[in-house]
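These notes are about the structure you will find just below.
The values are calculated or read from the model by the stated rules, or taken from the named source; none is laboratory data. What you are looking at is a predicted structure, and each value in this text was computed from that prediction instead of being measured. Here the Cβ is made from the backbone with ideal geometry for all residues, glycine too, and neighbour counts use every protein chain on show. For the accessible areas, the whole protein counts, side chains as well, though only heavy atoms, and no ligand, DNA or RNA atoms are used. Shrake-Rupley method; radii C 1.70, N 1.55, O 1.52, S 1.80 Å.
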Amino acid sequence: EVGQVTLPVTKSTCGSWSVLNCVSPLRDDFLGEVAASCQAQSDEMPARQRSGVHSEGLRRQISMRRLRPFHLVSLSFLSCMITFPVMTQDWSLTPTQHGFMSSPHLQDGFLYLAINSAPSNFYYRSAARATFLHGMSGSSKVSYNFFLGGNLTQSEHRLVEQEQKTYDDIILVPVANDSDHQSATIKALGIADELYNEKHVNEHDFVLMTTSETYVDLGRVIAELRKRGDEGPLYVGTYTGTKKPIRNVSDTFFISEDEYKFGRFPGHHDDKGYAISWSLMKSMADCLPEDPSCAYRGFASCRVPRACAFRPIRFPDVTLGGIVMGATAGTGGQLNLDCGENDQNCKDIEFNYRMHTMVNLDNFVHSLNKAELCGRANPNRELLPLVVRVKSARTMRRLHVLVTALEEKDTDLIEHVCGLGDF
């Protein structure tokens, strides 16, 4: 049984909740709380905002909150079966000759979000669409796609196909497994190849590479990048240091000398969220192995184009740091990180990379420190990371309401959201 909660929600918050996922409402208590509050204001909302909030369904949802869990699951399934047939757009998951499928409606703009997502992350994608991605359709400045690994189970294939029919925002990348380091590297390079070489996306000033398990404060990300737009090729994120490769075979992060011969890694950012200039996407695409499946035999066996500035390895964050560093060095060929004591040219390359290309922002990507934020007498939006790692789809929805409350300085709503439990 779920207790009743009264939560004040502003009109703008209700507008941002007008797109609801047909599976999650009966499972997500907080979404029900917001929906109930929005329903109370529905007569005052414009018809186009209210169209996605099914008022009768929400009244039934609130009245059924004390039913047993198996009743809720059955009702969720039934609601999807009723909703899905109205989506009639013709679309197929069959990959193209390059192993990809793409949405055809993307356009030029300032920022493109390439969101890495596992096929099973339906709830995260739904929450992203209902929160920070809501209202982006038709925007001339920002566009996005979710990038999923192409090795889907039969049930995932059916669900993802229906999801694509509904939202038309999914691209498949041919990797065998969406959960290991090898696939993460190949997927990142495959995304770059899709964006730059396959021309399914027109040019943007920046690409934000992130995951579906993050909440993006889009307004602040755009403002930060606009401040730096004329500084040349940029690689913006949260610096994670220059680590040494681990040679202990029993360690999870072991890497052999055959795969990576240097004694240190190039400087790199957290790969959960970073922004990169469009001009550097070519350098990433140039490093996609000729046979992407080579990663599962070991990256040492991979053949990469001659233009590649840094041989990819199993760690995607290190790989990208090396590619960007090599591409901006302007020396041609692959990056050499064996700097001797008197090798001033090698040291200059790293210095210029750190000073002119790599932009470190401590709060670019991070988990939310709720205690620090909610413990302030006057909490504000600037205390939030620009890209926030979240624990669940529910966390993403709560965070979106909190961001809206902080923007509007709605102290009552801030207090309510801060009291709803750990993010």
Kindly indicate which of Arg264, Arg303 is of a type in the set (Lys, Arg), in a loop (DSSP other than H, G, I, E, B) and modelled with pLDDT of 90 or more.
Arg303
Of those in region 186-195 that are of a type outside the set (A, V, I, L, M) and over 15 Å from the mean Cα position of the chain (by Cα), the residue farthest from Met284 (Cα to Cα) is Glu194
Can you confirm whether Tyr239 is aromatic (Phe, Trp, Tyr), assigned by the TED database to the domain that holds Ile323 and crowded, with 22+ Cβ neighbours inside 10 Å?
no
Please specify each residue of region 277-336 satisfying the condition of being open to solvent by 60 Å² or more (accessible area, probe 1.4 Å) and among the aromatic types (Phe, Trp, Tyr).
Tyr296
So is Glu231 more than 26 Å from Gly149 (Cβ to Cβ) and acidic (Asp, Glu) or not?
yes
Being part of a loop (DSSP other than H, G, I, E, B), closer than 16 Å to Ala118 by Cα and modelled with pLDDT of 90 or more, is that true of even one residue in region 132-142?
no
Would it be correct to say that Leu335 is assigned by the TED database to the domain that holds Cys308 and either at pLDDT 90 or above or in contact with a Phe, Trp or Tyr (Cβ under 6 Å, 6 or more places away or on another chain) (or both)?
yes
Regarding region 383-400, can at least one residue be identified that is open to solvent by less than 60 Å² (accessible area, probe 1.4 Å), out of contact with any Phe, Trp or Tyr (no Cβ under 8 Å at 6 or more places or on another chain) and within 21 Å of Ala127 (Cβ to Cβ)?
yes
Flag if Ser256 is at pLDDT 90 or above, among the small types (Gly, Ala, Ser) and not in a loop (DSSP other than H, G, I, E, B):
no
I'd like the full set of residues that are of a type outside the set (Ser, Thr, Tyr) and assigned to a helix (DSSP H, G or I), limited to region 269-300.
Trp278, Leu280, Met281, Lys282, Met284, Ala285, Pro292, Cys294, Ala295, Arg297, Phe299, Ala300
Within region 261-268, identify whether any single residue is in contact with a helix residue (DSSP H, G or I) (Cβ under 7 Å, 6 or more places away or on another chain), surrounded by 15 or more Cβ atoms within 10 Å (Cβ to Cβ) and either free of Cβ contacts under 8 Å to residues at least 12 places away in the same chain or farther than 30 Å from Val142 by Cβ (or both), and answer yes or no.
yes
Subset tally (residues that are open to solvent by 60 Å² or more (accessible area, probe 1.4 Å), within 21 Å of Asp317 (Cβ to Cβ) and of a type outside the set (A, V, I, L, M, F, W, C)) for region 347-362:
5
I want to confirm something. Restricting to region 208-230 and keeping residues that are assigned to a helix (DSSP H, G or I) and open to solvent by 10 Å² or more (accessible area, probe 1.4 Å), which single residue is farthest from Thr131 (Cα to Cα)?
Lys227
So which residues in region 371-401 are in a loop (DSSP other than H, G, I, E, B) and without any contact (Cβ under 8 Å) to a residue 12 or more places away in the chain, if there are any at all?
Gly375, Arg376, Ala377, Asn378
Residue count, region 154-172 (criterion: open to solvent by less than 10 Å² (accessible area, probe 1.4 Å) and closer than 12 Å to Asn121 by Cα)
1
Only one of (1) open to solvent by less than 10 Å² (accessible area, probe 1.4 Å); (2) small (Gly, Ala, Ser); (3) modelled with pLDDT of 90 or more fails for Ala188. Which number is that?
(1)
